[in-house]
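Scroll down for the structure; my scribbles are underneath it.
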Amino acid sequence: MGNSSSALPYAIGDETQPSSRPGSGGWAIHDGNRKSDSLPVTVFKASKAALSKTPLDRHKSIGVTGSNGTQIIPALHHFKKSKTLVHPNILQTHATLDTDYPNGDSPDLSMMDPSDPTALQRTGTLLTGDLIIVTERCVPLSDYLDGLARSGANAERAVAWGLHNLINALGFLHNAAKLCHGAVCPHSVFVTPAGDFKLSNFSLLTAVGIEDGGGGPTRHFRHFDDLACTNEYRSPERRQRQYDAIATGPVHSMDSFSLGAFVEGLYGHPSAGTNGQVPQQLRKAVQRLQTANARMRPRVIPLLKCPVFDSPHIAARDFLDNIAVKQSEEKIQFMQSLPDLLGRGVLDRDVAVHRILPVLVGTVTSHVGREGAMTQDVNRREVMAAMPALFYVAETYLSGDESAEEFKSNMTPVVELLFQINDRGVRGALLGRVPLLATRLDDATLNSAVFEPMCSGFSDSSGPLRELTLKSTVVLVPKLLATNLEKLSRYLVRLQADPETSIRTNTVIFIGKIAPHLGENSRQKLILPAFARAMRDEFMPCRLAGLKAVRACREFYDPRSVAEKVLPAVCPHLMDGAADVRSEAFSVLGEFLGTLREESNRMATQERSNVAAGQGQPSAMGGMGAAGGSSDLFPSSTAPPPAPAAPAPAPAPAVAPTSSDSSGGYFSGFGSWAATKITASAQASSDSGPMAPAPAPAPAPAASSAPVHPVAKAPAPAPQFASLSLTDANIGGYGGSGKLDISGSGAGGISVDNDGGWSDDDGFGETDLVGAATSSSGVSTPNWAKDKEDNEDEDFFATFESSSKPRVTRGG
């Protein structure tokens, strides 16, 4: 390419069509793009050295010397003319570059005699560099027709529209520019991605008549006419070189003939959709175009009245081509109709993406980009009319992964502009399209160009706009940065106090949906207080939404939070005035209770595992062993007092403490021991009269880890010590009269008042352990009653001393 090509603001890519293809004129075709915004372009590139050595197609067999028979002069002619012609149906030229003359100061060749083989060299023109023409993206007509059947488009409609384009281009040259193209043939036509046919190849462009100053076609045209254009597309007078007749004839006569031949060739292509036949409506017109009499050939523009060109498709596309000169009301009406035209298939995808979308984007940017333009009602209405069609095209045709780059390049700039407009109508239309933007725009753009301006909607005075902003933000949450999530949380807390009930309700639903995307700290600070606040709302749907959100977010609560925070907030709604709320509250309660029950069972299993592993904690009763062990009054290392001999028949058996007594702890051990003592004393009193020393107790068995099983007898009622009374304990011979009959006769025995308390004198008057003494009245007094200092149980009984002690008397 040479170093000078870097001066172009375009990057030149790979070659797609070689310069040696038929009808190329020595121009190779490359893909390219604009460096500033990656706009796709097509680059035509030709080496001047190669052009000056390559003969024109029709002169290959003739040995010519010099430049007058090679491709160089027609190529230079096209290079110059392509920069000066601008029309919607002429291939648009973005830039040109002659690398030998990067500043554009090449020699003027207009006065050169092309028939002189050395004329070009005498002008001093350098022939070492390249000629580069950058145009809009296009492909040769032959390639487009070959792919038309594969694309699935309506071929007949597409060909009719293309022919419509060429007629308009030739009409412009004939009527406005007063020029004759001179080379109308398939090699001069290129097709854009939108399906527009564009006229190019101006290697024979010439003026006709007195405007030339020479009375006819230029010397350049006369010299290269038979070299640069095939006979098939040349009129009879051209083939006969009757240039004087051409000079006095109409300017359109040569091109009219060429167009007739072109139409026949176009519809004769297998992909044209007409089985190789020219449509019936065009046949007579084509015949007239190819009449031998140059003056009888019709102008090309009236051909547009043919019924072939009378269709909604062509009408819509023609309006798009001329939208810049239409009135505002016409523009608004047309843009409002675009979604319907696209939906009905009147316009296809290629038109929507490559033709409609640029027009809509241009409409929006032209008004929004100008300061104060949106204050004018007509501009605002145009923008509002363009937005639905704009997003319809983006959503329908650019939502696939293969179109991601197209969406980004076309939509990102216009979306950024639209979000900057302080207009509720525009903002409302944008918020409805946020789900589409969330899937197609990158995260950085969503955070900066979408979310940041959206936040103003949370504080807007319009309730519907606040609510719409809230609903639209849901889809952005997974893509928001941590700082924006924190910012959003503050807006949500504020919205829970919104005067609009629907906004408060939707805020709760919103919080429930975004909870999985919040950080742990933000989630704990936001969701439970928000749900509790919603459940206290006076609006029933808000309370119901709060309960539903609590259940939906159950995975984010630990069991302790459920027990201490969630259930206290839910339980009051079991008696809510609304049936739906009550029903939901019961559902939530049941679900969370099941969760807590599972957690409790897990904790119990863990406790048993800890005990089995030797990790259990000591029992709450000091010295009683592990939980579930037998509780006793005495430590396991000390044997309890032995039970005295029982000569009397059927004495009350001493009940060995069991594991079920462990709940009594201290009192359970004492009760068993006291019952044994009282029974033995009563037996001794009734058999021997005056109290005698009790026989020595049998030694207690050694402590063992094996459990001791009591003798199988009728079980006595379990002692009850709630009142700490012997009556409740049902010990020994205690009867229902409230007195303890020790003698067994009920008359001469010892009675003990049932005072409901405990003292060291209760029920032990005549019987003691070893070493009892007899008082002066004949009553045997225990040693511990006579001398309390020697009694080892004094401290124990002092715990239960009562202010009134039982009276001990002799019977009779």
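Could you give the distance between the Cα centres of the stretch 150-174 and the stretch 338-372, to the whole Å? After rounding, the separation between the Cα centres reads 21 Å. 3J(HN,Hα) couplings calculated from phi for the stretch 488-495 with the Karplus curve 6.51 cos²θ - 1.76 cosθ + 1.60 (θ = phi - 60°) are, in sequence order, 5, 4, 5, 5, 5, 4, 5, 5 Hz; Gly and Pro show x. Only Cα pairs under 8 Å and 6+ residues apart enter the sum, and on that basis the relative contact order of the stretch 423-558 stands at 19 percent.
Taking amide H atoms as placed 1.01 Å from N in the peptide plane, the amide H of residue 90 lies under 5 Å from those of 199, each 5 or more residues away in sequence or on another chain.
Tell me, what % of the accessible area of the stretch 368-443 is carbon and sulfur with a 1.4 angstrom probe? Heavy-atom surface of the stretch 368-443 belonging to carbon and sulfur, 1.4 Å probe: 45 percent. Taking 7 Å steps out from each Cα toward its Cβ at residue 333 and residue 412 produces label points 3.9 nm apart. Along the stretch 94-108 the Karplus relation, 6.51 cos²θ - 1.76 cosθ + 1.60 evaluated at θ = phi - 60°, assigns HN-Hα couplings of 7, 7, 9, 7, 9, 5, 6, 9, x, 8, x, 9, 6, x, 7 Hz to successive residues, with x for each Gly and Pro. Normalised by 2.2 N^0.38 Å, where N is the number of residues, the C-alpha radius of gyration of the stretch 472-624 stands at 1.31. 3J(HN,Hα) along the stretch 10-18: 10, 9, 9, x, 6, 7, 9, 9, x Hz, from the Karplus curve 6.51 cos²θ - 1.76 cosθ + 1.60 with θ = phi - 60°, whole Hz, x for Gly and Pro. Put 220, 181 in order of accessible area, highest first, and with a 1.4 Å probe you get 220, 181.
Measuring between their Cα centroids, the stretch 9-40 and the stretch 473-492 lie 46 Å from each other. Rolling a 1.4 Å probe across all protein chains gives residue 264 an accessible area of roughly 90 Å².
For the residue pairs 48/178; 326/479; 408/525; 284/326; 48/305; 81/326, the alpha carbons lie more than 32 Å apart in 326/479; 408/525; 284/326; 48/305. Per residue, the accessible area of the stretch 144-278 comes to 34 Å², computed with a 1.4 Å probe over protein heavy atoms only. Under 5 Å between amide hydrogens, built in the peptide plane, is the criterion, and for residue 16 it picks out 29, 30, 31 among residues at least 5 positions away or on other chains. Residues whose amide H falls under 5 Å from that of residue 41, counting only those 5 or more places apart or on a different chain, are 32, 33, 34, with hydrogens built in the peptide plane.
Could you sort the peptides 363-372, 411-420, 252-261 by per-residue average Cβ neighbour count (10 Å cutoff), highest mean leading?
Details: 363-372: 15.0, 411-420: 19.0, 252-261: 25.6.
Sorting 363-372, 411-420, 252-261 by mean packing, highest first, produces 252-261, 411-420, 363-372.
The values are calculated or read from the model by the stated rules, or taken from the named source; none is laboratory data. Only a predicted model underlies this, so the values are computations on that prediction, with no experimental measurement involved. All Cβ positions, glycine included, derive from the backbone under ideal geometry; neighbour counts span all protein chains shown. We work out accessible area using only protein heavy atoms, side chains counted, and drop any ligands, DNA or RNA first. Shrake-Rupley method; radii C 1.70, N 1.55, O 1.52, S 1.80 Å.
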